Amino acid sequence: MSDPREPASGGADSREPDADVAIEEPGSVAATSTTTTTTAAARAAAPEVEPPSRWHTMLHQIATGNAIISVLAVILALIVGAIMIAFTDENVQKASVYFFARPGDTVVAVWQSVSGAYTALFQGSVYNFNRDTFAAGIRPLTETLTFATPLIAGGLGVGLAFRVGMFNIGGRGQMLIAASVAGWIGFGFDLPWGLHMLVALIGGLLGGALWAGIAGLLKARTGAHEVIVTIMLNYVAFYLVSWMLRTPGLLQAPGSSNPKTPAMKETAIFPALLGPQYNLHFGFILVVGATVLVWWILSRSSLGFKFRAVGENPNAARVAGINVKSMYVYAMLIAGALLGLAGVSQVLGTVTTGFTAGIDAGIGFDAITVALLGRSTPWGIFVAGILFGAFKAGGFSMQAAEGVPVEIVLVVQSLIVLFIAAPPLVRTIFRLPDPSRAAKRPRPIVTKEVKAK
Amino acid sequence: MKLELRGITKRFGSLVANDHIDLTVEAGEIHCLLGENGAGKSTLMNVLYGLYQADEGEVLLDDEVQHFAGPGDAMAAGIGMVHQHFMLIPVFTVAENVMLGHESTKAGGILDLASARAKVREISDRFGFDVDPDALVDDLPVGVQQRVEIIKALSRDARVLVFDEPTAVLTPQETDELMGIMRQLKESGTSIVFITHKLREVREVADRITVIRLGKVVGEASPTASNAELASLMVGRAVELTVHKDEPNLGEAALVVEGLTVIDPIGQLVVNDVSFTVRRGEILAVAGVQGNGQTELTEALLGLQPRITGSIAIDGIELSSASPRRILDAGVGFVPEDRNEDGLVGEFTITENLMLDRSNGAPFVRAGNIQRAALEQFAREKVSEFDVRTQGIDSKVRQLSGGNQQKVVLARELSRDLRLLVAAQPTRGVDVGSIEFIHKRIVETRDSGVPVVVVSTELDEVAALADRIMVMYRGRIVGIVPGDTPREVLGLMMAGEVPTEGAAA
């Protein structure tokens, strides 16, 4: 709140036209007071705490709804995906031409294309039975976990912010800044093995945390909405990193004119977990640790208790002596560090040969999907991240083995989000009862006064 | 029109919300349906209005059996309903709202607003409602919005009007005006069903009273019955309506407020140069019509108002510029006016809500970790001590009734070492049985030597609790008078008139 003396310049005045309208009830006693609703009361009394808007409520429901909806959404999306695979398959198209003469052909073709595609998806993401040895057969699973690593970290960052009532869309920017800091330390310094990695990791986490912290601080201090700020910070980060990548002496590899950094030094790279034949790296262990940490914060710590209180009801939190503004800042710092972990694991684990401004690989946005699918709970996000990792790993083999366009996987991912965002649709399809109807309890309208003039 | 309900039964799964309810409302009669929250009053009226289908029983209008498939049928048959939550579109004018749903059009599909306006004016004049058909509903006070609802029902020729808890949203004055309107409607031959749990209103307007408890009719009463009789019918046991309290055992001055002025965020002076003192072991009740600065006064005491001047001191410690955290730590207990908004986190469990304002250290937090065992034990103790009716300490607070929610707030606040208790509207939206309990606890707190500030717009509550009464009007103190000051004097003071026989007490 900048200056409460100037309501006309702030949002407060425009948001509540009813509060300062002088309403004289004609013909009634002088003491008759006018009334507005509670929401207006809360706004008037607590301008610095954002009232839960309808937008907020919707997000909140999407982000923290029922786990069964998540599972059903995945199933539904896979079914719709199957239909699309069948429709785009050439054999199905050929067979359908004479569908009425020999419908069996079409059915067989549909079955072959769909089962082939999903088998390829499975073999590309979990276990490949066509390989001779277990070591080679299990490789897809390790790929899945490698892809899942930044997705889980990013999902935790977005999910944690959700739980505090904030929508962190700035994953891309936070990842880019973290990757740049970690990468710069990774290729630009000579430090002993282990220490180098640690310093780069911490540097990256701090970078991501501070970048997200800007949004948190602006929200706390000025009330700027974090959605706008984080989106804009994405652009700032992208162009900042792009510029540094083109500028010799900053991030650009010496002697190169490409906007790309040099390779990371051996001492800074995350060690491979299962030996050099697999890509799975130490970052996965860090992400498991991060999941445990976030679980502890949210369910066991006093900080997480305050986080959740602020996320559920900022007014009550404030009345209970919780400093709502600092919670926003802390939450964004932690969320940024988690997205920073995603960025760091990209540069120190996955792409160690130097990175470009595309290092985030869309993970900052996929993280939102992962957080939604995981219902913003740490272990839900962990599972959702692995699922999306499997889609990424399996999507390529699906295309390679069956000629199914990789875009189908993206469509399936998008459908999952769509179904999660529309729980009534999923409930109708599966004939589930509507939980809100049973539990609905009318809230008493409490009258609120007006200021005496 | 005569309305008769015969043997209405409505079940939701295993829960019988209405169990063979019989009810007859004669033409031109105000029939009160009295019962606690959750007794089944609203279910019964929803059956009448066609929103629910009864499992058994029938609805008769003028001795003819009716079958309502939905509210449309009920309206067509002459039943109108004034909901507790208004069904109005705020950005529409009064006339537009009244015509909504049965708009008449002129040639070319143009809305016939003129006839709607005329209709609003005609009904408004007939009953002296004084409602401008062209006013935006959003700009109208709640009491007038309610009249728009009444006009809406009357414009559809309703002969039976159902008022569902109509006074819950009204100020005392607006309530009195509504009573007048109801009497007028009755004289014009309309039958009225008046649903409420407020005893005084019932006795004021009702011709007949039917009391419902746990889905059954438990008795009929005449308006001459005493409050105690009605309350015991409603609750099913004898209820003490007046709290038994001894003479206060006054200690030294504990809360000293000097020249307190509060300017609200939109720049209005809401508390104007207020000074008062509360002594240990004393209850100071702040009375006044809603909206005369009481809310802001309590918020200022808690450090929730950013722009205050003047001094607030508790036991000599200046707290006017302290944060809510520091004020809570200094031993101030706070029961906020709107518990859903400010007092509880609905999605949290009872246990979590009980530690809401103690999330910083002992006894529930050690080294950043929540001490779950200690917390759960504490929650179990408090749930039984404060008689919170719940399935368990892990129930979400959202699922509790108003009275039980308030008990959770009270349990949390009273289980700290208090040096001041501030309770704003402690029994608003709370059932009769819980009111008794809450009042007792507040008096016990006083008797343990804690100064108490109770803010209430209900004169009954003020009279029951106060050792002294401070009346506020337009942000100022009209006067501070003894607790046994007659109602009429208080009423005048609440309208801003300074009592003649001296304001000091």
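The values are calculated or read from the model by the stated rules, or taken from the named source; none is laboratory data. Small disclaimer: the values here were computed from a predicted structure and weren't measured. Reconstructed Cβ throughout: ideal geometry from the backbone, glycine too, with neighbour counts over all protein chains shown.
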For A:A224, state whether it is surrounded by 21 or more Cβ atoms within 10 Å (Cβ to Cβ) and either at pLDDT 95 or above or farther than 18 Å from A:I269 by Cα (or both).
-> no
Going through the stretch B:408-434 in order, the residues found to be under 21 Å from the mean Cα position of the chain (by Cα), at pLDDT 90 or above and in a loop (DSSP other than H, G, I, E, B) are B:Q425, B:P426
Per the list (1) of a type in the set (G, A, S); (2) in contact with a Lys or Arg (Cβ under 9 Å, 6 or more places away or on another chain); (3) over 27 Å from B:V256 (Cβ atoms), residue check on B:S384 breaks on (2)
Being away from chain A (no Cβ under 13 Å), modelled with pLDDT under 95 and either touching a Gly at 6+ places or on another chain (Cβ under 8 Å) or within 23 Å of B:D338 (Cβ to Cβ) (or both), is that true of even one residue in the stretch B:395-407? yes
*asked:* Any residue at all in the stretch A:111-118 that's within 26 Å of A:V370 (Cβ to Cβ) and crowded, with 20+ Cβ neighbours inside 10 Å?
replied: yes
Of the listed residues (B:E337, B:E347), the one being buried (at least 24 other Cβ atoms within 10 Å of the Cβ), in contact (Cβ under 8 Å) with a residue 40 or more places away in the chain and outside any helix (DSSP H, G or I) is B:E337
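If you check B:L60 against the conditions, is it closer than 22 Å to B:V211 by Cα and either more than 14 Å from chain A (Cβ to nearest Cβ) or in contact with a Ser or Thr (Cβ under 8 Å, 6 or more places away or on another chain) (or both)?
Values: closer than 22 Å to B:V211 by Cα: yes; either more than 14 Å from chain A (Cβ to nearest Cβ) or in contact with a Ser or Thr (Cβ under 8 Å, 6 or more places away or on another chain) (or both): yes.
Yes: the conditions hold for B:L60.
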When every residue in the stretch B:354-369 that is assigned to a loop (DSSP other than H, G, I, E, B) and more than 7 Å from chain A (Cβ to nearest Cβ) is compared, the one nearest to B:N404 (Cα to Cα) is B:M355
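Got a sec? Which helices (runs of 4 or more DSSP H) wholly within the stretch A:109-223 have at least 1 residues that are assigned by TED's automatic domain parsing to the domain that holds A:G354 and touching a helix residue (DSSP H, G or I) at 6+ places or on another chain (Cβ under 9 Å)?
Details: elements: A:134-137, A:139-163, A:171-188, A:195-222.
Because the criterion is at least 1 residues that are assigned by TED's automatic domain parsing to the domain that holds A:G354 and touching a helix residue (DSSP H, G or I) at 6+ places or on another chain (Cβ under 9 Å), the helices (runs of 4 or more DSSP H) in the stretch A:109-223 that meet it are A:139-163, A:171-188, A:195-222.
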Item to complete: Test A:A209 against the stated conditions and say whether it is in contact with a Phe, Trp or Tyr (Cβ under 9 Å, 6 or more places away or on another chain) and in contact (Cβ under 8 Å) with a residue 12 or more places away in the chain.
Response: no
Scan the stretch B:244-265 and tell me whether some residue there is within 26 Å of B:M494 (Cβ to Cβ), among the hydrophobic types (A, V, I, L, M, F, W, C), within 14 Å of chain A (Cβ to nearest Cβ) and crowded, with 16+ Cβ neighbours inside 10 Å.
yes
The residue from A:L425, A:L341, A:L410 that alone is within 18 Å of the chain's Cα centre (by Cα), over 21 Å from A:F162 (Cα atoms), part of a helix (DSSP H, G or I) and not basic (K, R) is A:L410
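Against the condition surrounded by fewer than 22 Cβ atoms within 10 Å (Cβ to Cβ) and either small (G, A, S) or over 26 Å from B:E461 (Cβ atoms) (or both), how does B:V217 come out, does it pass?
yes
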Only unsatisfied item for B:V16, checking (1) over 21 Å from B:V430 (Cα atoms); (2) part of a strand (DSSP E or B); (3) within 26 Å of the chain's Cα centre (by Cα), is (3)
Scanning the stretch A:152-206 for residues that are closer than 17 Å to A:V241 by Cα and under 18 Å from the mean Cα position of the chain (by Cα) gives A:G170, A:G171, A:R172, A:G173, A:Q174, A:M175, A:L176, A:I177, A:A178, A:A179, A:L205
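For (1) modelled with pLDDT under 85; (2) under 12 Å from B:L284 (Cβ atoms), each residue gets a yes or a no:
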| position | (1), (2) |
| --- | --- |
| B:S448 | no, no |
| B:D460 | yes, no |
| B:I469 | no, yes |
| B:G479 | no, no |
Looking at A:G304, is it buried (at least 23 other Cβ atoms within 10 Å of the Cβ), within 19 Å of the chain's Cα centre (by Cα) and over 23 Å from A:T149 (Cβ atoms)? yes
Among the residues of the stretch A:404-420, the number that are under 13 Å from A:L76 (Cα atoms) and hydrophobic (A, V, I, L, M, F, W, C) is 8
Considering the stretch B:350-386, residues that are of a type in the set (D, E) and within 19 Å of B:L421 (Cβ to Cβ), and then whichever is surrounded by the most Cβ atoms within 10 Å (Cβ to Cβ), we arrive at B:D357
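For the stretch A:223-232, state whether one or more residues are touching a residue at least 24 places away in the same chain (Cβ under 8 Å) and within 14 Å of chain B (Cβ to nearest Cβ). Talk me through it step by step, then tell me what you get.
Our first condition is that a residue be touching a residue at least 24 places away in the same chain (Cβ under 8 Å); within the stretch A:223-232, this holds for A:223, A:226-227, A:229-231.
If we keep only those that are within 14 Å of chain B (Cβ to nearest Cβ) as well, we get A:223.
Yes, the stretch A:223-232 has at least one match.
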When the stretch B:435-487 is checked residue by residue, the ones that are within 23 Å of the chain's Cα centre (by Cα) and within 14 Å of chain A (Cβ to nearest Cβ) are B:V455, B:S456, B:T457, B:E458, B:L459, B:V471, B:M472, B:Y473, B:R474, B:G475
**Report entry** A:G385 vs. criteria closer than 19 Å to A:V126 by Cβ, among the small types (G, A, S) and in the same structural domain as A:H196 (by TED's automatic domain parsing)
**Finding:** yes
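Tell me yes or no: at least one residue of the stretch B:109-131 is touching a strand residue (DSSP E or B) at 6+ places or on another chain (Cβ under 8 Å) and among the β-branched types (V, I, T).
From the stretch B:109-131, those touching a strand residue (DSSP E or B) at 6+ places or on another chain (Cβ under 8 Å) are B:111-112; that's our starting set.
From what's left, among the β-branched types (V, I, T): none.
No, there is no match, as no residue in the stretch B:109-131 is touching a strand residue (DSSP E or B) at 6+ places or on another chain (Cβ under 8 Å) and among the β-branched types (V, I, T).
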Per the filter on the stretch B:316-336, residues facing chain A (nearest Cβ under 7 Å) and among the charged types (D, E, K, R) are B:R325
Among B:D431, B:D447, the single one that is in contact with an Asp or Glu (Cβ under 6 Å, 6 or more places away or on another chain) and surrounded by fewer than 24 Cβ atoms within 10 Å (Cβ to Cβ) is B:D431
Note on B:N340: of the conditions (1) under 26 Å from the mean Cα position of the chain (by Cα); (2) more than 7 Å from every other protein chain (Cβ to nearest Cβ); (3) on the phi < 0 side of the Ramachandran plot; (4) not β-branched (V, I, T), unmet is (2)
Is it the case that some residue within the stretch B:222-240 is touching a Gly at 6+ places or on another chain (Cβ under 6 Å), touching a residue at least 12 places away in the same chain (Cβ under 8 Å), under 23 Å from B:D315 (Cα atoms) and not β-branched (V, I, T)? no
Check your understanding: Do we have A:Y278 as touching a residue at least 40 places away in the same chain (Cβ under 8 Å), closer than 26 Å to A:R172 by Cβ and aromatic (F, W, Y) here?
Key -> no
